[in-house]
Each structure stands twice: as structure tokens, then as C-alpha cells.
Amino acid sequence: MTDHDAHAASLRHALADELQRVGELHSPQWRRAVERVPRHLFVPEFFRWTDGPNGVTLWAPVSGDHDPDRWLELAYRDETWVTQLDRHITPHDVTEPVSGDPTSSSTLPGLVVRMLEYLAVADDTTVLEIGTGTGYSTALMCDRLGDGRITSIEVDPGVAANAAAALRRAGFAPNLVNGDGLDGVPGRAPYDRVIATCSVRKIPRAWLDQTRSGGRILVTVTGWLGGYGLAMLDMGDDGVAEGRFLPGTVSFMIARPQAPSPISDDQMSTAFKALTEATSRAAVVGPDIRQDWAGTFVTQLALPAAQVKTISIDGGPLITYYVDTATGSAASLTPEPGGGWTVRQSGRIRLWDDAESAVAIWRRAGSPEIDQFRIRTDGHEQRVWLDTDDGPVSWSLR
């Protein structure tokens, strides 16, 4: 064993110790996987967040070529490392910090292991992974269950190719597919478990069809307002999956086909005009509700097709706009000098009335955290509900 290999092995052992200490890692089988799978092979280069001028977020490339010791130590930190920006920029493409939106990453190992333990696998469990990413989580599952029981699908061809190469270097050979993960991989179904490393607005019917009765689906449910909840659903004999949201603040990049199209200039112009002519009232709930993790989730349940923008016009106050591009309905919230907010609404759907109603229900129930919500889907209609003293209250996310 070379000094490099020995150092990497010691870092893996230290990572396993840390994950066990903080309560992310419990089973000896998953601990063995963490100690054996060389994460550094899956992140040969990555971006690290850094501050740019005027508070702009920049991404600095890190690789083993420039500072191998530092790179190796970072590779085994319990941190998420971004591996792609704007769907095409990789750390190999740049030499200095750059701006961009993360579009692929290696999720922090603690979250990966926590999710794998939620799956509650047995030695003969078959798993479909939606989103291969770097391949690190795929490798952990291969180590635990064997290559033949793991199928993983990745939508991005470049990301898929890099993951396949890294898995080969690490000695693993799962069934890998380059395609739309929302379609699953029917040719190898049914699966005992489906796990997604992307988030979805709506759980696809294909996943339900490909999950064995009594099987389990683990996925982060999201929306266009940035609310997230990690959901664990069990498949019934009737083809309906039902379950609950798990504790914690878990977020993943949204599946690309379900990502929103940006609000166009024409749509914003139409919303501006309609809101200018709309009557105003004092808002009961302000946009600062989105500073609360569960509050964001609840607001999103009420506004499943809305997007949000915060804009200052001609140097004026920052105004928060919610726009439902499907119906053209809109709401604006303007801060008042003495505190509070003024809301204006236009269109068929009174967006902020719906948001305030949902938040009021949530607050009357004691402002519960995400893990108090439940979810049910037949692949067509997806409902999330909260049990309250007045009975269950649900929202439909068709």
C-alpha cells in the first residue's frame, strides 16, 4: 500500500467515525462500505464555494493535480462538492473562480448514508437509483449489496460517463443507464427500493409501476418556491404509495424535466400592469415566511405552480412577486416603512389568499416541522396532508 493509499484509508476511517458520532451512520454493513469505497476517485475535481466581489458567490476549482494533499482531505470531508455548473462547466474547464448555478454534485456523505439506512435493505434487496451523479452513492450500494442488484440512471451524458469511469476504477460494475430518470428503468423492474438523488415536484407513475408491492420509495419532494421534504413512501398492493416526510432539512437539485421555465419578460410585464391596477390590503403573512424551512414548504403547498421574484424598480423598495405562469395569476408584497407588508393580487387565483390560508392552518396546528406531514400518490394525483385538531387538511399537487 502506497502512502497515498494509506492516507486515503485513514481518512475513510475517520469519516466513518465522524458519521457514526453525529448519528448518521448506524449499521456495521454501511460502515464497512464507507471505509472501503474511495470517495476521492469519484471527485477527482470539484468546485468549492467562495465569496466574490460585492457578495457574489463564486466557485473555485479544486483538483488533485494542483494540491493533492489538500484535495484528498477535502474529498473525505462530510460536505457536498459541486462538480458541474450551468449543465456544462466542469472544474477542468476553468483555472480561476467562476460564477454559475450548480447542476451536478457529490452529496455530503452523511446525507447519503442516512438515506441509504432509511432504505432498510436486506442482503438480497434490489435498488433503482435515480441520479447517478458522481457514482459515489452507487458504489456504496454496490459494496453493500453487490453490483447485480444495483441499477442507476443519469440524465446528463457527460456526468454519466464520468460516473461510469469512476465506478470502473473503483472496481464496481452496476447496471448503468443514461436517460431520463423520471421514466425509471423498466427493463430491470420490479425493484425492492427506489432512491432519488434529485428532487421532484411530482413522483412519476413509472416509479410506482417499477416498485414491488411492499417496496419503498425515498425521494425529496420539492416545488418552485424552494421548499423541500424528504419523503419515504411504501408501495401498497393497489399500486398506491403512501408515507411520511422525514426529519431534517434535506434538499436536492430538481429533476431537469420538472424544473420551471423562467418567467418571461412579457409575463412579468403583464403581471406588473395587472397588479398596478389591483386593490391593495394589509398582508397577514409576509414573504419572510420563506425564512422558515417548514413555512416555505407550506407556502409552496398552497402555490404549487407559482414562482417567486424579488425586484426593486427605479431604486425603490424590494418587492416580492409571485407569478403562476399557467394562469397568469400574480401577487405582489411591498414592505411598509413602519413594518408589515401590503399585498396586491390579480388573476383567477388569489395566490396570497391561498398562501395565508395554508400558513394559518399550519400555525394553528403549532407550526409543526416537516416530519408531521404525510404524502400519498397514485402517480396521477399527489396529496400532502397534515393532521390537525380539526381533522386532516390536505393539498393536491396534480
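Hey, with R₀ at 41 Å, roughly what FRET efficiency would ASP266 and ASN175 work out to, going by the Cβ-Cβ distance, to 0.05? Please report the intermediate quantities before stating the final value.
Numbers: r = 45 Å, r/R0 = 1.10.
Result of the calculation: an efficiency of 0.35.
In whole angstrom, how far apart do the alpha carbon centroids of segment 380-398 and segment 64-109 sit?
Cα centroid of segment 380-398 versus Cα centroid of segment 64-109: 39 Å apart.
Running a GNM on the chain with Cα contacts under 10 Å, which residue among VAL284, VAL22, VAL82 ends up with the highest mean-square fluctuation?
In the Gaussian network model the winner is VAL22.
Can you bin segment 263-362 into rounded, prolate or oblate? Criterion: square roots of the alpha carbon gyration tensor eigenvalues sorted a ≥ b ≥ c, rounded for a/c under 1.5, prolate for a/b above b/c, oblate for the rest.
oblate
Determine the relative contact order of the chain: mean sequence separation of Cα pairs under 8 Å and six or more apart, normalised by residue count, in whole percent.
It rounds to 10 percent for the chain.
To the nearest 500 deg cm²/dmol, what mean residue ellipticity at 222 nm is calculated for the chain from DSSP H runs of n ≥ 4 alone, each contributing -39,500 (n - 2.57), summed and divided by the residues?
Numbers: 10 runs with 111 residues, N = 398.
One gets -8500 deg cm²/dmol as the mean residue ellipticity at 222 nm.
Multiplying the sequence separation of THR276 and ASP183 by 0.36 nm and subtracting their Cα-Cα distance, what value in nm do you get?
29.2 nm
Under a 5 Å amide H to amide H cut-off, with H placed in plane at 1.01 Å, what residues pair with THR211 once short-range neighbours are removed?
Amide H neighbours of THR211, under 5 Å, 5+ apart: TYR191.
Let me know the shape class of segment 108-259, please: from the alpha-carbon gyration tensor, a ≥ b ≥ c as square roots of the eigenvalues, rounded when a/c is under 1.5, otherwise prolate if a/b is greater than b/c, or oblate. Display every interim value, and only then the final one.
Values: a/c = 1.42, a/b = 1.19, b/c = 1.19.
Judged from the Cα gyration tensor, segment 108-259 comes out rounded (a/c under 1.5).
Taking the chain as a Gaussian network, Cα atoms linked when under 10 Å apart, which of LEU58, LEU176, LEU116 shows the biggest mean-square fluctuation?
Of LEU58, LEU176, LEU116, the Gaussian network model singles out LEU58 as fluctuating most.
Using 0.36 nm times the number of residues separating VAL240 and LYS309, minus their current alpha carbon distance, what extension gain do you get?
Working it through step by step, the gained length comes to 21.3 nm.
Quote to one decimal, in nm, the extra length available between GLU336 and SER357 on full extension: 0.36 nm per residue of separation minus the C-alpha distance between them.
Here the segment from GLU336 to SER357 would lengthen by 5.4 nm.
Against the longest principal axis of the chain, how steep is helix 109-118, in degrees 0 to 90 to the nearest 10, with axes from Cα atoms?
Result, in degrees: 90.
Gap in Å between the Cα centre of segment 255-271 and the Cα centre of segment 198-254?
25 Å
Calculate the translational D of the chain in whole µm² s⁻¹ from Stokes-Einstein, where the hydrodynamic radius comes from the Kirkwood formula applied to all Cα pairs, the temperature is 25 °C and the viscosity 0.890 mPa s.
It comes out at roughly 108 µm²/s.
Laboratory data are not the source of any read-out in this text; all were calculated from the coordinates shown. Model, not experiment: these values are computed from the prediction. Glycine also receives a Cβ, built like all others from the backbone with ideal geometry; neighbour counts cover every protein chain displayed.
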